[in-house]
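Some notes on the structure that comes next.
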There are 2 protein chains.
Amino acid sequence: MDHLWEKTLSSQEIFKGKIIEVRVEEVELPNGQKSNREIVKHPGAVAIITLTSENKLLLVRQYRKPLDRVIYEIPAGKLEPGENPLDCAKRELEEETGCTSASLIHIQSFYTSPGFADEIIHIYYADQLVKQANGPGLDQDEFLDLVEVTLEEAHQLIKEQKIYDAKTVFAVQYLQLKKYGEL
Amino acid sequence: MDHLWEKTLSSQEIFKGKIIEVRVEEVELPNGQKSNREIVKHPGAVAIITLTSENKLLLVRQYRKPLDRVIYEIPAGKLEPGENPLDCAKRELEEETGCTSASLIHIQSFYTSPGFADEIIHIYYADQLVKQANGPGLDQDEFLDLVEVTLEEAHQLIKEQKIYDAKTVFAVQYLQLKKYGEL
């Protein structure tokens, strides 16, 4: 057993919503004392770094209620129960951009907020896009604008705090490293 | 008004914990229909990419209850109420590493999970470390191991899914780009 491990003494469900679940767990700390941990459970998500044949990055402009603002993000979406991340990436790519890709590659996964949430995000890279006849098909409560930007424009959007989230900042750095042949 | 904006019709407090607050808000969507948004409010955080004089990255090994596992992260911590992010970065650097830095520079901020949380993380870069006589001074419920790794070792930790969170993956990419003189 790792000496940093915390033993769960009790676990209480506080909220079970459509997307997140909130629990408070009492733990025994490594020094034997007790503490409470507030935990958000999330189904996990995928995001896709999508490059057009003109080497432009596809972004979605989307209103985010928790921030009360519109930001630019790489296409992304939550995993359905039991859904394989690759299938989810294919689905979200088509839903949000109206494209499919013959080449959808997993490049990285990471937890977004390990201090309080178990959300993991699986990042894929897609190029060789094929536009589908029926175009994007969004969820009922989803509204977004699709835009294409160069890497330079993406950097400008970061400076202007319009790209302002972990997965999209990661995507821009990834493309920058790709330029150096590092990836 | 942005055409993607959602109007808040009602906002209900579900949970107010020590760290997070959970709300459910009813919104009017751009098409006039109604939906609910589940929102986690978080005080925000800082994280510090800390480089030793031997060009090693300081990481903390920490058990994360939401994941039920130990991962390696760059030093980080939550903002106290009203605390300035730079002051928080100075405090967390000293608490978690036992060092201060004459050069603590803000390099990027990002939201970690804009779909359901308002957590923002401010990333700083620190080198020219000065070891303080009293060493690290952790919070009562905080237990961690401090380790130093080369950039190559950090890449290996990513491969082994021991570095597995957004801010630390960002940090490794950042140092890689710095090598190319991009930053």
Original post:
Do you know the relative contact order of chain A, to the nearest whole percent, from alpha carbon pairs under 8 angstrom that are 6+ apart?
Top reply: 21
Subject >> Label geometry 7 Å along the beta-carbon vector: B:Q156 inter-copy distances in nm >> reply: 4.3
Subject >> At 7 Å out from Cα toward Cβ: A:T52 inter-copy label distances (nm, ascending) >> reply: 4.8
Subject >> With all protein chains modelled, accessible area of B:R37 [1.4 Å, Å²] >> reply: 50
Original post:
Using θ = phi - 60° and the Karplus curve 6.51 cos²θ - 1.76 cosθ + 1.60, what whole-Hz ³J(HN,Hα) does each residue of region A:2-12 get, with Gly and Pro shown as x?
Top reply: 5, 5, 8, 4, 10, 8, 7, 9, 7, 9, 10
**OP:** Any chance you could run the full-extension gain for B:E83 through B:D139? It's 0.36 nm times the residue separation minus the Cα-Cα distance, nm to one decimal.
**Re:** 18.5 nm
Subject >> Rg over Rh, two decimals, the protein assembly as shown (C-alpha only, Kirkwood Rh) >> reply: 0.96
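Ignoring ligands, DNA and RNA, what percent of the accessible area of the protein assembly as shown is carbon or sulfur (1.4 Å)? Walk me through the numbers before you get to the answer.
Working: 7420 of 16390 Å².
Taking all protein chains in place, the protein assembly as shown shows 45 percent carbon and sulfur surface.
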Original post:
Say the cut-off is 32 Å between C-alpha atoms; which of A:K34/B:K78; B:K78/B:K131; A:K16/A:K159; B:K7/B:K162 go over it?
Top reply: A:K16/A:K159; B:K7/B:K162
**OP:** Return a whole-number percent for the relative contact order of region A:80-183, with Cα pairs under 8 Å and 6 or more residues apart as the contact set.
**Re:** 23
Subject >> Shape box of region B:60-107 [Cα atoms, principal axes, largest first, Å] >> reply: 34, 23, 20
Subject >> Counted charge near B:D145, where neighbours are those whose Cβ lies closer than 13 Å (Asp, Glu -1; Lys, Arg +1) >> reply: -3
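Taking GluC sites (Glu not before Pro) as candidate sites, keep only those in a DSSP loop with at most 13 other Cβ atoms within 10 Å, then name the longest stretch of chain A containing none of them. Intermediate results must be reported in sequence, preceding the final value.
Working: sites that count: A:E54, A:E160, A:E182.
For GluC sites (Glu not before Pro) (loop position, at most 13 other Cβ atoms within 10 Å), the longest site-free span of chain A is A:55-159.
Which value, in Å², gives the accessible area per residue of the protein assembly as shown when a 1.4 Å probe is used on the protein heavy atoms? Walk me through the intermediate numbers first.
Details: 16390 Å² over 366 residues.
For the protein assembly as shown, the per-residue accessible area is 45 Å².
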Original post:
Non-local amide H neighbours of A:I163 (under 5 Å, H modeled in plane, Pro and chain starts lacking H): which ones?
Top reply: A:Y72, A:I158
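Calculate, for B:R91 and A:T100, the FRET efficiency according to 1/(1 + (r/R0)^6) with r their C-beta to C-beta distance and R0 51 Å; round to the nearest 0.05. Provide the component values of the computation, followed by the final result.
On the way: r = 49 Å, r/R0 = 0.96.
With R0 = 51 Å, the Cβ-Cβ based efficiency is 0.55.
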Subject >> Cα convex hull volume per residue for region A:25-83 (Å³) >> reply: 171
**OP:** Taking H placed 1.01 Å from N in the peptide plane, check which residues at least 5 places from B:Q108 or on another chain put their amide H under 5 Å from its amide H.
**Re:** B:I123
**OP:** Just the ratio, please: alpha-carbon radius of gyration of chain A over 2.2 N^0.38 Å, N its number of residues.
**Re:** 1.18
Subject >> Teacher prompt: B:D141 distances to equivalent labels in other copies, 7 Å Cα→Cβ, nm >> reply: 3.0
Original post:
Alpha carbon centre of region A:86-143 versus region A:155-183: separation in Å?
Top reply: 17
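Can you compute the charge dipole magnitude of the protein assembly as shown about its Cα centre, using +1 on each Lys and Arg Cβ and -1 on each Asp and Glu Cβ, nothing else charged? Give it in debye, rounded to the nearest 20.
Working: 42 positive and 62 negative charges, 41 e Å.
Dipole about the Cα centre, nearest 20: 200 debye.
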Original post:
Accessible area lost on pairing B with A, both sides, 1.4 Å probe, Å² to nearest 100?
Top reply: 6200
Original post:
Given N residues in region B:78-164, what is Rg(Cα) / (2.2 N^0.38 Å)?
Top reply: 1.22
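Let me know the shape class of region B:127-183, please: from the alpha-carbon gyration tensor, a ≥ b ≥ c as square roots of the eigenvalues, rounded when a/c is under 1.5, otherwise prolate if a/b is greater than b/c, or oblate. Mind dumping the intermediate values first?
Values: a/c = 2.38, a/b = 1.43, b/c = 1.66.
Cα axes put region B:127-183 in the oblate bin.
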Original post:
Each residue of region A:24-38 in order: what ³J(HN,Hα) in whole Hz does its phi give by Karplus 6.51 cos²θ - 1.76 cosθ + 1.60, θ = phi - 60°, with x for Gly and Pro?
Top reply: 10, 10, 8, 10, 9, 6, x, 8, x, 6, 10, 8, 9, 10, 9
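The values are calculated or read from the model by the stated rules, or taken from the named source; none is laboratory data. Keep in mind the model is a prediction, meaning the values are calculated, not measured. Here Cβ is always computed from backbone atoms with ideal geometry, including for glycine, and neighbour counts include all displayed protein chains. With ligands, DNA and RNA removed, areas are computed over all heavy atoms of the protein, side chains included. Shrake-Rupley method; radii C 1.70, N 1.55, O 1.52, S 1.80 Å.
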